[in-house]
Amino acid sequence: MIVNSKSLNKEIKKGLYLVATPIGNLGDITFRAVEILKNSDYILCEDTRVSKILFEKYEIKSKLIPYHKFNERKSLSKITELLKSGAIISLVSDAGTPGVSDPGSILLRECVKNEIQVIPIPGPSAVSTAISISGFSEKFFFYGFFPEKLKIINSDLSLLSRMNCSIVFFISAKKINKIIKFLKENFSGRKIIICREITKLYEEFIRSDIDQLEVFNTQLKGELTVIISEFPENKKMSQKLSESDKRNINKMINKLSVKEITNLISSNSEISKKEIYNYCLMLKNEN
């Protein structure tokens, strides 16, 4: 179905539209997204060459403006002025929802600052798609892309390993082999699913226990969506109190009972109640 859009222009609000586009299969776009894109005065594209493939399929002929991480600050003033003048502008990334590990957050904050209306047009998301077929906990933490330095990656994985929920992150296929040893060190006993080419012809979901995960002999391609499962049910809670936990307890020790503090801290972490309780008693005795 091709939406005849220009006649609908008067019904569309002025402002910035964050439009989700397909993450692979071009059929995964909503009627509303096509309508908004056709009615836009301008469309900001992460890569106009990529976007044109989608736009030609759906006969979208709005004016395209390159908008990516290398020019988003430089373009900010011009785009803001266009929005203030009443233009309808859509922002798209190469795939998925703009502003989520893609350009857009800087422009969004500027619109909020200038009281320019921002309207989300929901649609495809690699994160929710991967979570839906993972079989892991529906409670999840989304990290995004990892930094370049392996030392920082390992440090962040160590922190993430304390969270009893699904952990979702994006990573280049070229980098996955470099972090497998860190995954095994930090997430032993948990499961993993590596999603590649989601919704495309060669879509693949690689499932494994992290302890059995091996380096890939064949170089994978593209960007991967990776999910690590929550703690296994029989995992014993053995984490130690962090310095942050201790600071929070010190702030509460004279305001709440030991039992209240123990319940509060344990409800937000996987630290044993006994360890929290004993630390509280130690502080009480010192006082």
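The values are calculated or read from the model by the stated rules, or taken from the named source; none is laboratory data. Predicted, not measured: the structure shown is a model, and the values here were computed from it. Note that we place each Cβ from the backbone using ideal geometry, even for glycine, and neighbour counts take in every protein chain shown.
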Has segment 17-39 got any residue that is farther than 24 Å from Ser128 by Cβ and in contact (Cβ under 8 Å) with a residue 40 or more places away in the chain?
yes
Options Ser172, Ser128, Ser105; residue that is free of Cβ contacts under 8 Å to residues at least 24 places away in the same chain, more than 28 Å from Glu233 (Cβ to Cβ) and surrounded by 13 or more Cβ atoms within 10 Å (Cβ to Cβ)
Ser105
Report yes if Leu201 is without any contact (Cβ under 8 Å) to a residue 12 or more places away in the chain and assigned by TED's automatic domain parsing to the domain that holds Ser132, otherwise no.
yes
Quick check: anything in segment 135-142 touching a residue at least 12 places away in the same chain (Cβ under 8 Å), farther than 27 Å from Ser266 by Cα and touching a helix residue (DSSP H, G or I) at 6+ places or on another chain (Cβ under 6 Å)?
no
I'd like to check which helices (runs of 4 or more DSSP H) are fully inside segment 93-188 and have at least 3 residues that are hydroxyl-bearing (Ser, Thr, Tyr).
126-134
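For every residue, the table says whether it meets (1) in contact with a strand residue (DSSP E or B) (Cβ under 7 Å, 6 or more places away or on another chain); (2) surrounded by fewer than 18 Cβ atoms within 10 Å (Cβ to Cβ); (3) not assigned by TED's automatic domain parsing to the domain that holds Ile176.
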| position | (1), (2), (3) |
| --- | --- |
| Gly86 | no, yes, yes |
| Pro98 | yes, no, yes |
| Ser137 | yes, yes, no |
| Glu148 | no, yes, no |
| Lys151 | no, yes, no |
Take segment 78-102 and flag every residue that is without any contact (Cβ under 8 Å) to a residue 60 or more places away in the chain and polar (S, T, N, Q).
Thr80, Ser85
